[in-house]
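Here is the structure we will look at.
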Amino acid sequence: MLIPEVPSISDAQLSARLQARIDSKTKPLGALGKLEVLAHRIGCILGSEEPVLREPQMLVCAADHGLAANGVSAYPSDVTWQMVENFLAGGAAVSVLARQNGLALTVADCGVAREIPPREQAQGAPRLVSCRVAAGTQDASAGPAMSMAQCAQAVDNGRKIVQGMPGNALLLGEMGIGNTSVASLLLARLGGVPLADCTGAGTGLNAEGVARKRKVLEAALAANADAREPMQALAALGGFEVATLTGAVLQAAAERRVIVVDGFITTAAVLVASRLQPAVLERCVFAHRSGEPGHAHMLRLLNGEALLDMGLRLGEGSGAALAWPLLLSACAFLREMASFESAGVDGSHAA
Ligand SMILES: O=C(O)c1ccc[n+]([C@@H]2O[C@H](COP(=O)([O-])O)[C@@H](O)[C@H]2O)c1
Ligand SMILES: Cc1cc2nc[nH]c2cc1C
């Protein structure tokens, strides 16, 4: 089956026990703010009052986009393969942050225009997975970016990558020149948000560039006017990395992993996945709110509150990696903080 079952994990009893445990800790009620919400969510996902995050996996999906030929990015498509090499060589932001935080890094070539050659993988070094559907998508401003079969293949690739991964947490990242356009198109089509609110500077277009980008995106929506269902929209407007991430999200949700979502593009994959299986959202933690303006609209649509708001607009999974220590802290306080009772602290308080 292409789309796995993702049942709701809502459990009123566990939820109440988690909240009682959080409230019993030696602190004024609610004083750990959003860290409490985060702890509650992780406890619900992992089905435990004492959750332990194990062997976290950072998955960075990369691909190229036919749409990029229309001047929708400040950088050329060649940067995609060059950055993938940089991820694998250990020099990119996500490489550094993954290393710093003990996140195993997997980089997937989902359809980079220039094939990333396989190589020997040293112990602990970033791992390359080749799951190329094609050498980049077709130009979505002239027709569908990919066929339904290609889209299904990419979704299945994402599922298979996650199936083979250890641990209980998946952090999402991506790389693909032109892919803020893909995220904007999916937000406009699936979220009904006006294109003007969906379109931003991406890697750094100026105002004239953003206006040009918007025209190209208008053409892409018009060229794919019939693609309205989630999988159709993903095929028509999407990229191979976004489709692979959609499969990864569905599989991780089905396996009840904690999913740490990065910026605008990885959230677009969550948007598609949530239209196929709404309960995926119960398993998601939104790491940050990107500087790309469409991301705020997307988060609102998904009822997602971001942990960080640092003006990041890099992608790669950098925001997810930066937020990771907060997830560790949330679990640590839930497991290790004393309760009023165990510490002999007076927990009575006025209304
Ligand atoms: O994650 C984000 O919110 C984000 C915002 C702006 C740009 N990016 C990254 O920049 C690339 C896409 O930008 P662009 O301008 O080529 O569409 C792609 O490689 C993304 O990882 C990522
Ligand atoms: C240099 C560079 C690094 C990136 N990382 C993710 N997207 C990127 C886009 C560019 C241009």
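So here's what we get for this one:
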read-out	value
The range 45-89, subset among the hydroxyl-bearing types (S, T, Y) and in a loop (DSSP other than H, G, I, E, B), residue nearest to ligand 2 (Cβ to nearest atom)	Y75
Which listed residue, of A104, A92, A31, is within 16 Å of ligand 1 (Cβ to nearest atom), of a type in the set (G, A, S), over 25 Å from P7 (Cα atoms) and at pLDDT 95 or above	A92
Scope the range 180-194; condition of a type in the set (A, V, I, L, M, F, W, C) and either in a loop (DSSP other than H, G, I, E, B) or crowded, with 24+ Cβ neighbours inside 10 Å (or both); matching residues	V182, A183, L185, L186, L187, A188, V193
Test set (1) more than 21 Å from A188 (Cβ to Cβ); (2) within 14 Å of ligand 1 (Cβ to nearest atom); (3) touching a residue at least 60 places away in the same chain (Cβ under 8 Å) - R283 fails condition number	(2)
L97 being touching a Lys or Arg at 6+ places or on another chain (Cβ under 8 Å) and assigned by TED's automatic domain parsing to the domain that holds T267	no
Sole exception among (1) among the hydrophobic types (A, V, I, L, M, F, W, C); (2) in a loop (DSSP other than H, G, I, E, B); (3) buried (at least 22 other Cβ atoms within 10 Å of the Cβ) for V94, by number	(2)
Residues (touching a residue at least 12 places away in the same chain (Cβ under 8 Å) and of a type in the set (K, R)) located in the range 81-136	R114, R119, R127, R132
Count of the range 262-313 residues which are among the aliphatic types (A, V, I, L, M), within 25 Å of L35 (Cβ to Cβ) and within 16 Å of ligand 2 (Cβ to nearest atom)	3
Single match in A122, A113 (criterion: assigned by TED's automatic domain parsing to the domain that holds L170, surrounded by fewer than 16 Cβ atoms within 10 Å (Cβ to Cβ) and among the aliphatic types (A, V, I, L, M))	A122
Whichever residue in the range 309-333 is closer than 20 Å to L245 by Cβ and either more than 12 Å from the chain's Cα centre (by Cα) or among the charged types (D, E, K, R) (or both) and, among such residues, is surrounded by the most Cβ atoms within 10 Å (Cβ to Cβ)	E316
Any hit, the range 132-141, residues being among the β-branched types (V, I, T) and more than 30 Å from V280 (Cα to Cα)	no
Index of the failed condition, G294 passing every other in (1) more than 12 Å from ligand 1 (Cβ to nearest atom); (2) more than 12 Å from the chain's Cα centre (by Cα)	(1)
Set R313, R275, R300: member being farther than 18 Å from L53 by Cα, within 11 Å of ligand 1 (Cβ to nearest atom) and modelled with pLDDT of 95 or more	R313
Residue identified as in contact with a Lys or Arg (Cβ under 8 Å, 6 or more places away or on another chain), assigned by TED's automatic domain parsing to the domain that holds G90 and not in a helix (DSSP H, G or I) among E316, E305	E305
Matching residues, the range 134-179, being within 19 Å of A235 (Cβ to Cβ), within 16 Å of ligand 2 (Cβ to nearest atom) and not in a loop (DSSP other than H, G, I, E, B)	E174, N179
Residues within the range 184-208 that are within 21 Å of the chain's Cα centre (by Cα), more than 8 Å from ligand 1 (Cβ to nearest atom) and either over 16 Å from A225 (Cβ atoms) or not basic (K, R) (or both), tallied	12
Filter result for E5 (at positive phi, of a type in the set (D, E) and in contact (Cβ under 8 Å) with a residue 60 or more places away in the chain)	no
Only listed residue being charged (D, E, K, R), under 22 Å from D197 (Cβ atoms), more than 11 Å from ligand 1 (Cβ to nearest atom) and touching a helix residue (DSSP H, G or I) at 6+ places or on another chain (Cβ under 8 Å), chosen from E305, E255	E305
Residue within the range 61-74 that is hydroxyl-bearing (S, T, Y) and within 22 Å of G319 (Cβ to Cβ) present	yes
Those helices (runs of 4 or more DSSP H) lying entirely in the range 196-278 with at least 1 residues surrounded by fewer than 24 Cβ atoms within 10 Å (Cβ to Cβ) and among the charged types (D, E, K, R)	207-223, 264-276
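The values are calculated or read from the model by the stated rules, or taken from the named source; none is laboratory data. This one's a predicted model, so the numbers in the text were calculated from it and none came from an experiment. With ideal geometry, Cβ positions are generated from the backbone for all residues, glycine too; neighbour counts draw on all protein chains shown.
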